[in-house]
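These notes are about the structure you will find just below.
The values are calculated or read from the model by the stated rules, or taken from the named source; none is laboratory data. From a predicted model like this one, the values you see are computed outputs, not experimental measurements. Quick reminder, even Gly has a Cβ in these numbers, built from the backbone with ideal geometry, and neighbours come from all protein chains shown.
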Amino acid sequence: MAISIVSQDEAGEADFIICMLAPVGRPLLMAGNVFGLCKQCDRRVQHRPHIPVGPKLLCNECHRPDIADDVVITPATLAEVLRRVRSH
Ligand SMILES: [Zn+2]
């Protein structure tokens, strides 16, 4: 599996965006997250508000490593992930 940093437009061509499940009553993983539904199990997921339009949402439990060979991440998401990792 390869992970590439791609533009927002290129990321919009991806098949799926992997999102964390968002059970009702649990705090958001990051302030400002918004909700959607997993395309496969229909459970509520949370994601950043700036994700590309187009790819289907897939929850972290429905995602399987064999579902895709290539993983892409946008610079905005990478920056947020790094800020979060460095603050913990
Ligand atoms: Zn799911």
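Answer yes or no: is there a residue in the stretch 54-70 that is more than 10 Å from the chain's Cα centre (by Cα), without any contact (Cβ under 8 Å) to a residue 24 or more places away in the chain and more than 20 Å from R84 (Cβ to Cβ).
yes
Looking at the stretch 39-88, which of its residues are under 20 Å from E13 (Cβ atoms) and aliphatic (A, V, I, L, M)?
Within the stretch 39-88, I51, V53, L57, L58, I67, A68, V71, V72, I73, A76, L78 meet the criteria.
I18: at pLDDT below 90 and closer than 13 Å to I73 by Cα, yes or no?
So I18 fails the test.
From the residues in the stretch 29-44 that are on the phi < 0 side of the Ramachandran plot and out of contact with any strand residue (DSSP E or B) (no Cβ under 7 Å at 6 or more places or on another chain), which one is nearest to the ligand (Cβ to nearest atom)? Before the answer, list the steps.
Initially, the stretch 29-44 is screened for residues on the phi < 0 side of the Ramachandran plot, giving 29-31, 33-41, 43-44.
Filter again for out of contact with any strand residue (DSSP E or B) (no Cβ under 7 Å at 6 or more places or on another chain), leaving 30-31.
On the way: M30: 19, A31: 23 Å.
Selected residue: M30.
So, in the stretch 45-87, exactly how many residues are within 16 Å of the ligand (Cβ to nearest atom), surrounded by fewer than 16 Cβ atoms within 10 Å (Cβ to Cβ) and over 19 Å from I3 (Cα atoms)?
Of the residues in that region, 1 qualify.
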